[in-house]
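The values are calculated or read from the model by the stated rules, or taken from the named source; none is laboratory data. All values derive from a computational prediction rather than experimental measurement. Virtual Cβ from ideal backbone geometry, glycine too; neighbours counted across all protein chains shown. Remember, those area values only see protein heavy atoms, side chains included, never the ligands or the DNA or RNA. Shrake-Rupley method; radii C 1.70, N 1.55, O 1.52, S 1.80 Å.
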Amino acid sequence: MAELGSKGVTAGKIASNVQKKLTRAQEKVLQKLGKADETKDEQFEQCVQNFNKQLSEGTRLQKDLRTYLASVKAMHEASKKLTECLQEVYEPDWPGRDDTNKIAENNDLLWTDFHQKLVDQALLTMDTYLGQFPDIKSRIAKRGRKLVDYDSARHHFEALQTAKKKDDTKIAKAEEELVKAQKVFEEMNVDLQEELPSLWNSRVGFYVNTFQSIAGLEENFHKEMSKLNQNLHDVLLGLDKQYSGNAFPVKAQPSDSTAVKANKSPSPPPDGSAITSPDAKTVNHEVEPSTLEAPGASIPKSPSQSSLPAVVVETFPATVNGTVEGGASSERADMPPGFLFKVQAMHDYTATDSDELQLKAGDVVLVIPFENPEEQDEGWLMGVKESDWIQHKELEQCRGVFPENFTERVQ
């Protein structure tokens, strides 16, 4: 029997809720059609608009803060890999090895601490701030439903009072329901009328605290990171002083020129090896000048010979102003005018411009001087393939520039 009674109560409650929804729906339709007046509260509506704006701004700030934290974490990982790379290339016998390890460790700790403090002082505060909005939003929606119930009860009571046939019992019951609906609505309305303006005003202090925390954390982080960077700079400066004689040369970029390769350095050979001339000895990438050096000889420089004296091959006569030392003419019948020396391509080279030579491994090239030496870019030579010269004896159409490090000189 108790079970049947419980089911009866549940069924009755469901029926009551369904009836309330139908009554609210009917009341809203009448209000939209203008057949029933609607209780308006412009001040409260303004509070609701402010609430929705505040929620939207807070949600965006939370999203952007999470993106910022993800970026900090990515920068931490990138910085960590960079310092690990330095530790790997820093040889054990170099001065300051222990210092670089300590700097790398402190760098990692600094990034970790920065990220964690951002989470604690900004993100968690942001989550707490936004955590109060769902409940208030639900209460605003409930207040709206209770306002419709109040308007419906009011209209029902007024309709019974103005009816031609008055039923005192129904009027009394309608009045009782009106008082009850009004009480429920006003209780919720008063609470929200006090809470919403307070919540709206709190946003200023929240934004100030949040961005002050972020700014303060960033300031301290960069201050400590600056100290670590200065320490690393000092360590590397000490290493540079000890090994100053083996400093890596910084090569200048090729000059701008329309006749030859502008702003372009020769590509390395496919195997990555450094091709040097047979007459040049290299130690730590520095070329030792030959003892047989002809004044005025115009021999192009290779990329590995930047800012070093030109080298003349012993087996070829040096030329000065188009004449061979000793009175002999440099223009031989089987060679192009101004011929300097021969080179052989060690790798294939694909021309990228119309003024370049297309080379295949094994091609022999007759090197000739540039008409204007100032137009020669570092690492490039001017020449004509021997096969083209033998076949055509035409210099203008057959000559072109090519990267020296794809070739080697022929004895």
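When the stretch 124-139 is limited to residues that are open to solvent by less than 30 Å² (accessible area, probe 1.4 Å) and in contact with a Phe, Trp or Tyr (Cβ under 9 Å, 6 or more places away or on another chain), the one that is farthest from residue 87 (Cα to Cα) turns out to be 136.
Every residue, every condition in (1) under 30 Å from residue 50 (Cα atoms); (2) open to solvent by less than 40 Å² (accessible area, probe 1.4 Å); (3) of a type in the set (A, V, I, L, M), yes or no:
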position	(1), (2), (3)
141	yes, no, yes
152	yes, yes, no
164	no, no, no
174	no, yes, yes
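A search for C-beta distances below 9 Å between a residue of the stretch 368-394 that is part of a helix (DSSP H, G or I) and any residue that is among the small types (Gly, Ala, Ser), counting only pairs 6+ apart in sequence or on different chains, returns 373/298; 374/255; 374/257; 375/255; 375/257; 375/259.
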